[in-house]
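The values are calculated or read from the model by the stated rules, or taken from the named source; none is laboratory data. Just so we're clear, the structure is a prediction, and the values are computed from it rather than from any experiment. For neighbour counting, all protein chains shown are included, and Cβ atoms are generated from backbone atoms with ideal geometry for every residue, glycine included. Ligands, DNA and RNA are excluded from the accessible area calculation, which covers all protein heavy atoms including side chains. Shrake-Rupley method; radii C 1.70, N 1.55, O 1.52, S 1.80 Å.
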Amino acid sequence: MVRRFHYLFVALQVTTLVLLACSAAPAQTGGPLSSGISFTVTMPRPYTHLLEVEMRVQIPANLQVANETDLVMPVWTPGSYLIREFERHVQDFAADANGRALDWATVNKNTWRVKTGGARQWRATYRVYANELSVRTSELNSDHAFWNNAALLMYRDGSINSPATLRILPAPGWKIATGLPAVDGQPNTFRAENFDVLYDSPVECSNFKPTALGFSRNGFAKEEGYRSFLYLVAHEFFHLWNVKRIKPDALGPFDYTKENYTRLLWVAEGVTDYYGQIMPRRAGLISDQTYLDQLAKRIQSFEETPGRFEMSAEEASFNAWIKEYRPDENSINSSISYYSKGELLGLLLDLDIRRRTHGAKSLDDVMRYLYNEFYNKSRNYTPADVQKACELMAGASLDQFFARYVRGRDEFQYNEILTGAGLQLEQGGIPIGGSGPDTPVRIKAFLGADLEQTGDRLLITHVRAGTPAYDQGLNANDQIVALEGARVTKETFDARIAEKKPGDAARVTVFRFDDLRTFEIRLGSQVDAPFRIVPIAQASDEQKRIYQAWLGAH
Ligand SMILES: [Zn+2]
(Lines give C-alpha, C1' and ligand atoms only; values in the text may rest on other atoms or scores of the structure.)
Protein backbone atom coordinates (compact mmCIF):
# COMPACT_ATOMS: atom_id res chain seq x y z
CA MET A 1 0.00 0.00 0.00
CA VAL A 2 1.12 3.53 -0.62
CA ARG A 3 2.42 5.49 2.28
CA ARG A 4 -0.68 7.65 2.59
CA PHE A 5 -2.83 4.70 3.46
CA HIS A 6 -0.25 3.10 5.68
CA TYR A 7 -0.11 6.36 7.56
CA LEU A 8 -3.87 6.56 7.70
CA PHE A 9 -3.92 3.11 9.23
CA VAL A 10 -1.59 4.12 11.99
CA ALA A 11 -3.48 7.30 12.67
CA LEU A 12 -7.00 5.94 12.57
CA GLN A 13 -7.08 2.29 13.36
CA VAL A 14 -4.37 2.06 15.90
CA THR A 15 -5.67 4.20 18.67
CA THR A 16 -4.87 4.23 22.33
CA LEU A 17 -7.62 4.21 24.85
CA VAL A 18 -6.59 5.49 28.20
CA LEU A 19 -8.52 3.47 30.69
CA LEU A 20 -8.18 4.88 34.13
CA ALA A 21 -10.47 3.23 36.63
CA CYS A 22 -9.84 -0.42 37.36
CA SER A 23 -11.86 -2.76 39.51
CA ALA A 24 -11.12 -6.34 40.33
CA ALA A 25 -14.12 -6.80 42.65
CA PRO A 26 -16.03 -10.07 42.25
CA ALA A 27 -19.15 -10.11 40.10
CA GLN A 28 -22.49 -9.69 41.85
CA THR A 29 -26.09 -9.77 40.73
CA GLY A 30 -29.05 -7.64 41.80
CA GLY A 31 -28.33 -4.26 43.39
CA PRO A 32 -30.25 -1.07 43.99
CA LEU A 33 -31.87 0.93 41.22
CA SER A 34 -30.63 4.49 41.01
CA SER A 35 -32.76 7.27 39.57
CA GLY A 36 -32.52 7.80 35.78
CA ILE A 37 -31.21 5.00 33.64
CA SER A 38 -29.16 2.07 34.84
CA PHE A 39 -27.54 -0.45 32.57
CA THR A 40 -26.27 -3.89 33.45
CA VAL A 41 -23.98 -5.55 30.93
CA THR A 42 -23.26 -9.26 31.25
CA MET A 43 -21.31 -11.77 29.20
CA PRO A 44 -22.37 -15.25 30.34
CA ARG A 45 -21.09 -17.02 27.20
CA PRO A 46 -18.18 -15.05 25.75
CA TYR A 47 -17.64 -17.55 22.91
CA THR A 48 -21.02 -16.51 21.39
CA HIS A 49 -19.76 -12.91 21.02
CA LEU A 50 -23.06 -11.73 22.54
CA LEU A 51 -23.02 -8.96 25.13
CA GLU A 52 -26.25 -8.91 27.11
CA VAL A 53 -27.75 -5.56 28.10
CA GLU A 54 -30.41 -4.79 30.65
CA MET A 55 -31.59 -1.17 30.59
CA ARG A 56 -33.70 -0.11 33.56
CA VAL A 57 -35.66 3.11 33.31
CA GLN A 58 -37.05 4.83 36.38
CA ILE A 59 -39.15 7.97 36.06
CA PRO A 60 -39.02 10.20 39.20
CA ALA A 61 -42.37 10.88 40.88
CA ASN A 62 -42.28 14.60 40.02
CA LEU A 63 -42.17 13.96 36.25
CA GLN A 64 -45.03 13.12 33.93
CA VAL A 65 -45.02 9.57 32.60
CA ALA A 66 -45.43 8.91 28.89
CA ASN A 67 -47.44 6.07 27.41
CA GLU A 68 -44.65 5.16 25.04
CA THR A 69 -40.91 5.74 24.96
CA ASP A 70 -38.39 5.64 22.11
CA LEU A 71 -35.05 3.93 22.74
CA VAL A 72 -32.36 4.94 20.25
CA MET A 73 -29.18 3.12 19.28
CA PRO A 74 -26.39 5.48 18.10
CA VAL A 75 -25.38 5.01 14.45
CA TRP A 76 -21.82 6.29 14.99
CA THR A 77 -19.31 6.92 17.76
CA PRO A 78 -17.33 10.13 18.34
CA GLY A 79 -13.75 10.03 17.07
CA SER A 80 -14.61 7.91 14.04
CA TYR A 81 -16.53 9.91 11.48
CA LEU A 82 -18.52 7.30 9.59
CA ILE A 83 -22.13 6.09 9.95
CA ARG A 84 -21.54 2.55 11.21
CA GLU A 85 -25.11 1.45 11.93
CA PHE A 86 -24.43 -0.12 15.32
CA GLU A 87 -28.14 -1.05 15.50
CA ARG A 88 -27.56 -3.84 13.02
CA HIS A 89 -25.91 -5.92 15.76
CA VAL A 90 -28.89 -5.69 18.14
CA GLN A 91 -30.99 -8.86 18.62
CA ASP A 92 -33.45 -10.45 21.08
CA PHE A 93 -34.99 -7.10 22.09
CA ALA A 94 -37.72 -7.30 24.77
CA ALA A 95 -39.30 -4.97 27.35
CA ASP A 96 -41.28 -5.51 30.54
CA ALA A 97 -42.66 -3.69 33.58
CA ASN A 98 -42.45 -5.73 36.77
CA GLY A 99 -42.45 -8.96 34.76
CA ARG A 100 -45.35 -7.90 32.49
CA ALA A 101 -44.23 -7.92 28.85
CA LEU A 102 -44.54 -4.57 27.07
CA ASP A 103 -45.40 -4.23 23.40
CA TRP A 104 -42.80 -2.59 21.21
CA ALA A 105 -41.99 -1.96 17.55
CA THR A 106 -39.10 -0.52 15.58
CA VAL A 107 -40.12 2.79 13.99
CA ASN A 108 -36.94 3.31 12.00
CA LYS A 109 -33.61 1.51 11.64
CA ASN A 110 -32.30 2.46 15.09
CA THR A 111 -35.35 3.35 17.20
CA TRP A 112 -37.37 0.89 19.34
CA ARG A 113 -40.73 2.34 20.49
CA VAL A 114 -41.86 0.72 23.74
CA LYS A 115 -45.50 0.98 24.91
CA THR A 116 -44.76 1.58 28.56
CA GLY A 117 -48.41 2.34 29.41
CA GLY A 118 -47.50 4.89 32.05
CA ALA A 119 -45.17 2.60 34.04
CA ARG A 120 -42.65 4.47 36.21
CA GLN A 121 -40.27 1.55 36.32
CA TRP A 122 -39.67 -0.69 33.37
CA ARG A 123 -36.78 -2.28 31.55
CA ALA A 124 -35.58 -3.26 28.10
CA THR A 125 -33.28 -6.19 27.44
CA TYR A 126 -31.34 -7.03 24.30
CA ARG A 127 -28.16 -8.61 23.08
CA VAL A 128 -25.48 -7.11 20.87
CA TYR A 129 -23.27 -9.21 18.63
CA ALA A 130 -19.70 -8.06 19.30
CA ASN A 131 -17.08 -9.65 17.08
CA GLU A 132 -15.07 -6.81 15.53
CA LEU A 133 -12.03 -5.41 17.29
CA SER A 134 -11.29 -1.80 16.45
CA VAL A 135 -11.31 1.49 18.31
CA ARG A 136 -14.92 2.14 17.28
CA THR A 137 -16.57 -1.29 17.52
CA SER A 138 -16.91 -4.09 20.07
CA GLU A 139 -15.41 -7.53 20.60
CA LEU A 140 -16.29 -10.28 23.04
CA ASN A 141 -14.58 -13.65 22.94
CA SER A 142 -12.97 -16.13 25.30
CA ASP A 143 -9.95 -13.82 25.74
CA HIS A 144 -11.57 -10.51 26.59
CA ALA A 145 -14.39 -8.02 26.12
CA PHE A 146 -13.79 -4.60 24.63
CA TRP A 147 -16.59 -2.27 23.67
CA ASN A 148 -17.59 1.29 22.93
CA ASN A 149 -20.71 2.26 24.82
CA ALA A 150 -22.10 4.03 21.74
CA ALA A 151 -22.02 0.65 19.99
CA LEU A 152 -23.79 -1.10 22.88
CA LEU A 153 -26.09 1.13 24.96
CA MET A 154 -29.31 2.80 23.81
CA TYR A 155 -30.46 6.17 25.06
CA ARG A 156 -33.99 7.32 25.81
CA ASP A 157 -35.02 9.80 23.13
CA GLY A 158 -35.03 13.29 24.60
CA SER A 159 -32.97 12.26 27.64
CA ILE A 160 -29.45 12.35 26.27
CA ASN A 161 -28.43 14.67 29.11
CA SER A 162 -29.71 12.32 31.84
CA PRO A 163 -27.21 10.64 34.14
CA ALA A 164 -26.72 6.89 33.84
CA THR A 165 -25.05 4.10 35.75
CA LEU A 166 -23.34 1.13 34.17
CA ARG A 167 -22.93 -2.12 36.10
CA ILE A 168 -20.71 -4.72 34.49
CA LEU A 169 -20.61 -8.41 35.35
CA PRO A 170 -17.40 -9.61 33.73
CA ALA A 171 -16.62 -13.23 32.90
CA PRO A 172 -15.01 -15.10 35.84
CA GLY A 173 -11.49 -13.89 36.60
CA TRP A 174 -11.69 -10.74 34.47
CA LYS A 175 -11.09 -7.21 35.71
CA ILE A 176 -12.85 -4.08 34.42
CA ALA A 177 -11.19 -0.93 33.07
CA THR A 178 -13.06 2.19 32.06
CA GLY A 179 -12.59 5.94 32.32
CA LEU A 180 -15.95 6.30 34.11
CA PRO A 181 -15.82 6.97 37.87
CA ALA A 182 -16.94 4.12 40.15
CA VAL A 183 -20.08 4.41 42.29
CA ASP A 184 -19.22 4.15 45.98
CA GLY A 185 -20.56 1.06 47.66
CA GLN A 186 -21.79 -0.58 44.46
CA PRO A 187 -19.31 -3.13 43.11
CA ASN A 188 -18.48 -2.99 39.40
CA THR A 189 -20.78 -0.02 38.94
CA PHE A 190 -19.81 3.22 37.22
CA ARG A 191 -21.46 6.58 36.78
CA ALA A 192 -21.78 8.97 33.82
CA GLU A 193 -23.18 12.47 34.23
CA ASN A 194 -24.74 12.26 30.76
CA PHE A 195 -24.67 10.10 27.64
CA ASP A 196 -21.92 12.11 25.93
CA VAL A 197 -19.65 11.08 28.80
CA LEU A 198 -20.99 7.51 28.77
CA TYR A 199 -20.42 7.16 25.02
CA ASP A 200 -16.87 8.55 25.25
CA SER A 201 -15.82 5.90 27.79
CA PRO A 202 -14.81 2.56 26.29
CA VAL A 203 -14.60 -0.57 28.45
CA GLU A 204 -12.11 -3.42 28.55
CA CYS A 205 -12.70 -6.58 30.61
CA SER A 206 -9.88 -9.11 30.80
CA ASN A 207 -6.65 -9.82 32.64
CA PHE A 208 -5.10 -6.64 31.27
CA LYS A 209 -2.15 -4.75 32.85
CA PRO A 210 -3.13 -0.97 32.30
CA THR A 211 -3.88 0.80 29.03
CA ALA A 212 -5.61 -0.68 25.98
CA LEU A 213 -3.66 -0.11 22.76
CA GLY A 214 -4.42 -1.31 19.27
CA PHE A 215 -1.10 -2.09 17.60
CA SER A 216 0.18 -4.82 15.29
CA ARG A 217 1.72 -7.69 17.26
CA ASN A 218 4.74 -7.59 14.94
CA GLY A 219 4.88 -3.81 14.94
CA PHE A 220 7.92 -3.59 17.18
CA ALA A 221 10.14 -5.78 15.00
CA LYS A 222 11.67 -2.85 13.12
CA GLU A 223 12.84 0.49 14.47
CA GLU A 224 10.38 2.35 12.25
CA GLY A 225 7.54 0.33 13.76
CA TYR A 226 8.70 1.13 17.25
CA ARG A 227 8.76 4.81 16.35
CA SER A 228 5.19 4.49 15.04
CA PHE A 229 4.24 3.13 18.45
CA LEU A 230 5.80 6.15 20.17
CA TYR A 231 3.92 8.50 17.82
CA LEU A 232 0.70 6.65 18.51
CA VAL A 233 1.03 6.91 22.28
CA ALA A 234 2.00 10.59 22.08
CA HIS A 235 -0.89 11.34 19.67
CA GLU A 236 -3.49 9.73 21.90
CA PHE A 237 -2.03 11.26 25.05
CA PHE A 238 -2.23 14.71 23.47
CA HIS A 239 -5.93 14.06 22.77
CA LEU A 240 -6.51 14.29 26.52
CA TRP A 241 -6.20 18.04 25.93
CA ASN A 242 -6.94 18.55 22.25
CA VAL A 243 -10.47 17.16 21.59
CA LYS A 244 -11.18 15.63 24.99
CA ARG A 245 -11.07 19.08 26.58
CA ILE A 246 -10.40 21.61 23.80
CA LYS A 247 -13.34 20.85 21.49
CA PRO A 248 -14.21 22.05 17.98
CA ASP A 249 -17.66 23.56 17.37
CA ALA A 250 -19.66 20.52 16.25
CA LEU A 251 -17.92 17.93 18.43
CA GLY A 252 -20.23 17.79 21.42
CA PRO A 253 -22.97 17.69 22.42
CA PHE A 254 -23.46 15.14 19.67
CA ASP A 255 -26.36 13.95 17.57
CA TYR A 256 -25.88 10.17 17.52
CA THR A 257 -28.42 9.58 14.75
CA LYS A 258 -26.62 11.29 11.86
CA GLU A 259 -23.44 12.97 10.63
CA ASN A 260 -22.05 15.85 12.76
CA TYR A 261 -20.11 18.27 10.56
CA THR A 262 -17.05 20.32 11.48
CA ARG A 263 -14.37 22.10 9.43
CA LEU A 264 -11.87 21.65 12.22
CA LEU A 265 -10.65 18.04 12.14
CA TRP A 266 -7.37 19.40 10.78
CA VAL A 267 -6.92 20.96 14.24
CA ALA A 268 -8.51 18.14 16.26
CA GLU A 269 -6.56 15.36 14.53
CA GLY A 270 -3.91 17.06 12.37
CA VAL A 271 -2.45 19.33 15.03
CA THR A 272 -2.64 16.40 17.46
CA ASP A 273 -0.61 14.46 14.91
CA TYR A 274 1.94 17.29 14.76
CA TYR A 275 2.42 17.06 18.51
CA GLY A 276 2.33 13.27 18.41
CA GLN A 277 5.26 13.32 15.97
CA ILE A 278 7.33 16.00 17.68
CA MET A 279 6.82 14.99 21.33
CA PRO A 280 9.01 11.85 21.10
CA ARG A 281 11.79 14.18 19.86
CA ARG A 282 11.20 16.70 22.64
CA ALA A 283 11.19 13.82 25.14
CA GLY A 284 14.58 12.71 23.83
CA LEU A 285 13.30 9.36 22.49
CA ILE A 286 14.35 10.07 18.92
CA SER A 287 17.10 12.28 17.48
CA ASP A 288 16.74 15.61 15.68
CA GLN A 289 17.90 13.94 12.50
CA THR A 290 15.31 11.16 12.73
CA TYR A 291 12.54 13.68 13.29
CA LEU A 292 13.64 15.85 10.35
CA ASP A 293 14.13 12.84 8.04
CA GLN A 294 10.69 11.43 8.85
CA LEU A 295 9.10 14.86 8.50
CA ALA A 296 10.70 15.28 5.05
CA LYS A 297 9.23 11.89 4.04
CA ARG A 298 5.76 12.92 5.13
CA ILE A 299 6.09 16.22 3.25
CA GLN A 300 7.17 14.34 0.13
CA SER A 301 4.23 11.96 0.47
CA PHE A 302 1.86 14.94 0.72
CA GLU A 303 3.51 16.69 -2.23
CA GLU A 304 3.07 13.52 -4.33
CA THR A 305 -0.68 13.46 -3.63
CA PRO A 306 -2.51 15.06 -6.59
CA GLY A 307 -5.65 15.42 -4.42
CA ARG A 308 -4.02 18.35 -2.58
CA PHE A 309 -5.23 20.59 -5.44
CA GLU A 310 -8.79 19.25 -5.13
CA MET A 311 -9.49 19.56 -1.41
CA SER A 312 -8.61 22.07 1.32
CA ALA A 313 -7.92 21.22 4.97
CA GLU A 314 -11.39 22.51 5.92
CA GLU A 315 -13.04 20.54 3.12
CA ALA A 316 -11.21 17.38 4.16
CA SER A 317 -12.52 17.87 7.71
CA PHE A 318 -16.08 18.54 6.58
CA ASN A 319 -16.16 15.58 4.19
CA ALA A 320 -14.63 13.06 6.61
CA TRP A 321 -17.93 11.14 6.64
CA ILE A 322 -17.79 10.36 2.93
CA LYS A 323 -14.07 10.67 2.13
CA GLU A 324 -11.55 9.98 4.92
CA TYR A 325 -13.29 6.83 6.09
CA ARG A 326 -14.24 5.61 2.64
CA PRO A 327 -11.00 5.62 0.65
CA ASP A 328 -10.99 4.13 -2.82
CA GLU A 329 -8.57 3.93 -5.74
CA ASN A 330 -9.34 7.54 -6.71
CA SER A 331 -8.88 9.06 -3.23
CA ILE A 332 -5.27 9.96 -3.93
CA ASN A 333 -6.42 12.09 -6.87
CA SER A 334 -9.48 13.68 -5.31
CA SER A 335 -8.73 14.21 -1.65
CA ILE A 336 -6.19 14.75 1.10
CA SER A 337 -6.15 13.58 4.68
CA TYR A 338 -6.79 16.14 7.42
CA TYR A 339 -4.22 14.16 9.42
CA SER A 340 -1.38 14.73 6.98
CA LYS A 341 -2.26 18.28 5.88
CA GLY A 342 -3.21 19.17 9.46
CA GLU A 343 0.19 18.03 10.73
CA LEU A 344 1.93 20.22 8.14
CA LEU A 345 -0.32 23.18 9.03
CA GLY A 346 0.65 22.67 12.69
CA LEU A 347 4.33 22.65 11.70
CA LEU A 348 4.07 25.78 9.56
CA LEU A 349 1.96 27.70 12.09
CA ASP A 350 4.35 26.78 14.90
CA LEU A 351 7.47 27.88 13.01
CA ASP A 352 5.75 30.97 11.58
CA ILE A 353 4.69 32.16 15.05
CA ARG A 354 8.22 31.52 16.38
CA ARG A 355 9.77 33.39 13.42
CA ARG A 356 7.44 36.38 13.67
CA THR A 357 7.90 36.72 17.45
CA HIS A 358 11.66 36.05 17.40
CA GLY A 359 11.05 32.92 19.44
CA ALA A 360 8.87 34.51 22.13
CA LYS A 361 5.68 32.60 21.21
CA SER A 362 4.78 29.29 19.60
CA LEU A 363 1.90 26.95 18.76
CA ASP A 364 2.13 25.73 22.37
CA ASP A 365 0.84 29.18 23.41
CA VAL A 366 -2.05 28.81 20.94
CA MET A 367 -3.03 25.50 22.55
CA ARG A 368 -2.77 26.98 26.04
CA TYR A 369 -4.92 29.93 24.92
CA LEU A 370 -7.60 27.59 23.51
CA TYR A 371 -7.52 25.61 26.75
CA ASN A 372 -7.97 28.70 28.91
CA GLU A 373 -10.45 30.55 26.72
CA PHE A 374 -12.59 27.64 25.62
CA TYR A 375 -12.28 24.54 27.81
CA ASN A 376 -12.00 26.55 31.01
CA LYS A 377 -15.01 28.63 29.96
CA SER A 378 -17.05 25.60 28.84
CA ARG A 379 -17.12 26.70 25.20
CA ASN A 380 -16.24 25.01 21.92
CA TYR A 381 -14.06 26.87 19.42
CA THR A 382 -14.87 27.80 15.79
CA PRO A 383 -12.61 28.15 12.72
CA ALA A 384 -12.48 31.93 13.34
CA ASP A 385 -11.40 31.32 16.97
CA VAL A 386 -8.42 29.23 15.83
CA GLN A 387 -7.27 31.92 13.43
CA LYS A 388 -7.68 34.59 16.09
CA ALA A 389 -5.70 32.53 18.63
CA CYS A 390 -2.86 32.08 16.13
CA GLU A 391 -2.90 35.78 15.23
CA LEU A 392 -2.81 36.81 18.89
CA MET A 393 0.33 34.74 19.41
CA ALA A 394 1.93 35.77 16.11
CA GLY A 395 1.17 39.45 16.75
CA ALA A 396 0.11 39.80 13.10
CA SER A 397 -2.73 39.04 10.70
CA LEU A 398 -2.52 35.49 9.39
CA ASP A 399 -5.44 35.93 7.04
CA GLN A 400 -3.29 35.20 4.00
CA PHE A 401 -2.01 32.00 5.61
CA PHE A 402 -5.52 30.77 6.50
CA ALA A 403 -7.02 31.83 3.17
CA ARG A 404 -4.31 30.08 1.15
CA TYR A 405 -3.50 27.02 3.22
CA VAL A 406 -6.47 26.25 5.49
CA ARG A 407 -9.52 27.35 3.51
CA GLY A 408 -7.69 27.22 0.16
CA ARG A 409 -5.58 24.71 -1.74
CA ASP A 410 -2.43 26.72 -2.46
CA GLU A 411 0.93 24.98 -2.54
CA PHE A 412 2.76 25.33 0.77
CA GLN A 413 5.77 27.65 0.58
CA TYR A 414 7.75 25.60 3.08
CA ASN A 415 11.02 27.43 2.84
CA GLU A 416 9.53 30.86 3.57
CA ILE A 417 8.77 29.49 7.04
CA LEU A 418 11.43 26.81 7.63
CA THR A 419 14.12 29.44 7.20
CA GLY A 420 13.02 30.94 10.53
CA ALA A 421 14.55 27.89 12.22
CA GLY A 422 17.60 27.96 9.92
CA LEU A 423 16.29 25.04 7.84
CA GLN A 424 15.59 24.39 4.19
CA LEU A 425 13.53 21.74 2.38
CA GLU A 426 15.28 20.46 -0.73
CA GLN A 427 15.34 17.62 -3.21
CA GLY A 428 18.51 16.64 -5.01
CA GLY A 429 20.13 19.92 -4.00
CA ILE A 430 17.27 22.13 -5.23
CA PRO A 431 15.28 24.08 -2.64
CA ILE A 432 11.60 23.13 -2.93
CA GLY A 433 9.77 26.08 -4.43
CA GLY A 434 13.11 27.70 -5.31
CA SER A 435 14.34 28.59 -8.75
CA GLY A 436 16.99 26.73 -10.72
CA PRO A 437 19.29 23.92 -9.65
CA ASP A 438 22.16 24.78 -7.36
CA THR A 439 23.84 21.49 -8.10
CA PRO A 440 23.55 18.97 -10.92
CA VAL A 441 20.42 16.90 -10.44
CA ARG A 442 19.89 13.25 -11.23
CA ILE A 443 16.72 12.50 -13.15
CA LYS A 444 15.09 9.08 -13.46
CA ALA A 445 12.37 7.55 -15.64
CA PHE A 446 8.92 7.80 -14.11
CA LEU A 447 5.68 5.87 -14.66
CA GLY A 448 3.29 7.09 -11.90
CA ALA A 449 1.44 3.87 -11.00
CA ASP A 450 1.54 2.40 -7.47
CA LEU A 451 1.97 -1.38 -7.49
CA GLU A 452 1.29 -4.12 -5.00
CA GLN A 453 2.45 -7.71 -5.23
CA THR A 454 0.06 -10.24 -3.68
CA GLY A 455 1.27 -13.79 -4.23
CA ASP A 456 1.69 -14.16 -8.00
CA ARG A 457 -0.47 -11.14 -8.78
CA LEU A 458 1.09 -7.76 -9.52
CA LEU A 459 -1.68 -5.21 -9.22
CA ILE A 460 -1.88 -1.47 -9.92
CA THR A 461 -3.44 -0.02 -6.75
CA HIS A 462 -3.48 3.69 -7.68
CA VAL A 463 -2.70 5.74 -10.77
CA ARG A 464 -1.75 9.27 -9.86
CA ALA A 465 -3.35 12.07 -11.89
CA GLY A 466 -1.01 13.88 -14.26
CA THR A 467 1.51 11.05 -14.54
CA PRO A 468 2.43 9.11 -17.72
CA ALA A 469 0.53 6.06 -16.43
CA TYR A 470 -2.60 8.17 -15.88
CA ASP A 471 -2.46 10.14 -19.11
CA GLN A 472 -1.66 7.09 -21.25
CA GLY A 473 -4.42 4.83 -20.03
CA LEU A 474 -3.29 2.51 -17.22
CA ASN A 475 -6.00 1.99 -14.58
CA ALA A 476 -6.15 1.10 -10.91
CA ASN A 477 -6.92 -2.62 -10.58
CA ASP A 478 -5.14 -3.51 -13.82
CA GLN A 479 -3.14 -6.70 -13.20
CA ILE A 480 0.32 -6.43 -14.76
CA VAL A 481 1.34 -9.69 -16.44
CA ALA A 482 4.36 -8.58 -18.48
CA LEU A 483 6.80 -5.76 -19.20
CA GLU A 484 8.39 -5.87 -22.66
CA GLY A 485 6.73 -9.26 -23.13
CA ALA A 486 8.39 -10.84 -20.08
CA ARG A 487 6.85 -11.86 -16.79
CA VAL A 488 7.64 -9.49 -13.92
CA THR A 489 7.27 -9.18 -10.17
CA LYS A 490 7.10 -5.82 -8.42
CA GLU A 491 10.83 -6.04 -7.80
CA THR A 492 11.79 -6.83 -11.39
CA PHE A 493 9.23 -4.38 -12.81
CA ASP A 494 10.71 -1.53 -10.73
CA ALA A 495 14.23 -2.60 -11.70
CA ARG A 496 13.45 -2.69 -15.46
CA ILE A 497 11.79 0.76 -15.31
CA ALA A 498 14.80 2.11 -13.38
CA GLU A 499 17.09 0.93 -16.20
CA LYS A 500 15.19 3.07 -18.70
CA LYS A 501 15.62 6.79 -19.36
CA PRO A 502 12.99 9.55 -19.34
CA GLY A 503 11.29 9.53 -22.76
CA ASP A 504 11.85 5.78 -23.31
CA ALA A 505 8.88 3.56 -24.11
CA ALA A 506 7.65 0.82 -21.76
CA ARG A 507 5.42 -1.95 -23.16
CA VAL A 508 3.11 -2.94 -20.30
CA THR A 509 0.72 -5.90 -20.66
CA VAL A 510 -2.17 -6.13 -18.23
CA PHE A 511 -5.35 -8.06 -17.54
CA ARG A 512 -8.16 -5.52 -17.25
CA PHE A 513 -11.09 -7.51 -15.89
CA ASP A 514 -10.78 -10.61 -18.12
CA ASP A 515 -9.19 -8.97 -21.17
CA LEU A 516 -5.52 -8.88 -22.05
CA ARG A 517 -4.30 -5.44 -23.14
CA THR A 518 -0.95 -3.93 -24.00
CA PHE A 519 0.03 -0.27 -23.53
CA GLU A 520 3.05 1.52 -25.00
CA ILE A 521 3.79 4.08 -22.27
CA ARG A 522 6.16 6.97 -22.93
CA LEU A 523 7.94 7.40 -19.59
CA GLY A 524 8.25 10.76 -17.89
CA SER A 525 10.95 12.08 -15.59
CA GLN A 526 11.34 12.52 -11.86
CA VAL A 527 14.12 13.84 -9.61
CA ASP A 528 16.10 10.84 -8.39
CA ALA A 529 16.45 11.95 -4.77
CA PRO A 530 14.28 12.08 -1.66
CA PHE A 531 13.10 15.27 0.04
CA ARG A 532 15.44 16.36 2.83
CA ILE A 533 15.36 19.07 5.49
CA VAL A 534 18.85 20.50 5.88
CA PRO A 535 20.45 23.39 7.79
CA ILE A 536 20.98 26.57 5.77
CA ALA A 537 24.53 27.85 5.45
CA GLN A 538 25.48 30.37 8.13
CA ALA A 539 22.34 30.36 10.27
CA SER A 540 22.02 33.38 12.57
CA ASP A 541 22.01 33.10 16.35
CA GLU A 542 18.26 33.75 16.35
CA GLN A 543 17.61 31.00 13.81
CA LYS A 544 19.69 28.59 15.92
CA ARG A 545 17.86 29.62 19.07
CA ILE A 546 14.45 29.07 17.43
CA TYR A 547 15.60 25.67 16.16
CA GLN A 548 16.74 24.63 19.64
CA ALA A 549 13.55 25.80 21.30
CA TRP A 550 11.38 24.14 18.64
CA LEU A 551 12.87 20.65 18.84
CA GLY A 552 13.83 20.82 22.49
CA ALA A 553 17.34 19.92 21.36
CA HIS A 554 20.05 19.72 24.00
ZN1 LIG B 1 -6.47 11.15 16.89
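Under 1.5 on a/c is rounded, so check that first for the range 497-554, then, if it is not, pick prolate when a/b is larger than b/c and oblate when it is not; a ≥ b ≥ c are the square roots of the alpha carbon gyration tensor eigenvalues.
In terms of gyration-tensor shape, prolate.
Over 22 Å apart: what share of the alpha carbon pairs of the range 229-323 falls there, rounded to a whole percent?
In whole percent, the long-distance tail amounts to 40.
Between Asp328 and Thr357, what FRET efficiency comes out of the Förster formula 1/(1 + (r/R0)^6) with R0 = 30 Å and r the beta carbon distance, rounded to 0.05?
After rounding to 0.05, the efficiency reads 0.10.
Subtracting the Cα-Cα distance from 0.36 nm times the residue separation, let me have the gained length for Glu193 to Val65 in nm, one decimal.
43.9 nm
Measuring from a point 7 Å past the Cα of Ile443 along Cα-to-C-beta, which residues in the range 486-521 have an amide N at less than 17 Å?
It comes to 498-506, nothing else.
Roll a 1.4 Å probe over the protein chains and send me the accessible area per residue for the chain in Å².
Averaged over the residues of the chain, the accessible area is 46 Å².
Starting from the 7 Å offset along Cα-to-Cβ, what nm value, one decimal, do you get for the label separation of Tyr47 and Asp471?
6.2
Against the 2.2 N^0.38 Å scaling, with N counting residues, where does the range 334-396 land? I'd like the Cα-based Rg ratio to two decimal places.
So the Cα radius of gyration is 1.19 times the expected 2.2 N^0.38 Å.
Are there any trypsin sites (Lys or Arg not before Pro) in the range 421-491 that are in a DSSP loop and have at most 12 other Cβ atoms within 10 Å? List them by number.
Counting only loop positions with at most 12 other Cβ atoms within 10 Å, the trypsin sites (Lys or Arg not before Pro) in the range 421-491 are Arg442.
What's the ranking of 340-346, 164-170, 243-249 by average number of surrounding C-beta atoms within 10 Å, highest first?
340-346, 164-170, 243-249
Please report, in cubic angstrom per residue, the volume enclosed by the convex hull of the alpha-carbon atoms of the chain.
180
Among Lys222/Lys297; Lys323/Lys500; Lys244/Lys377, which pairs are too far apart, with a Cα-Cα distance over 25 Å?
In this structure, Lys323/Lys500 exceed 25 Å between Cα atoms.
What accessible surface, in Å², does a 1.4 Å probe find on Glu411, ignoring ligands, DNA and RNA and rounding to the nearest 10?
My reading of the accessible area for Glu411 is about 70 Å².
Heads up, I need the accessible area for Asp92: 1.4 angstrom probe, whole protein in place, Å², nearest 10.
90
For Lys544, go through the lysines and keep the ones whose alpha-carbon is under 17 Å away, minus same-chain ones fewer than eight residues off.
List returned: Lys361.
With n ≥ 4 as the cut-off for DSSP H runs, can you work out [θ] at 222 nm for the chain, using -39500 (n - 2.57) per run divided by the number of residues, rounded to the nearest 500?
Calculated from helices alone, the mean residue ellipticity at 222 nm is -7000 deg cm²/dmol.
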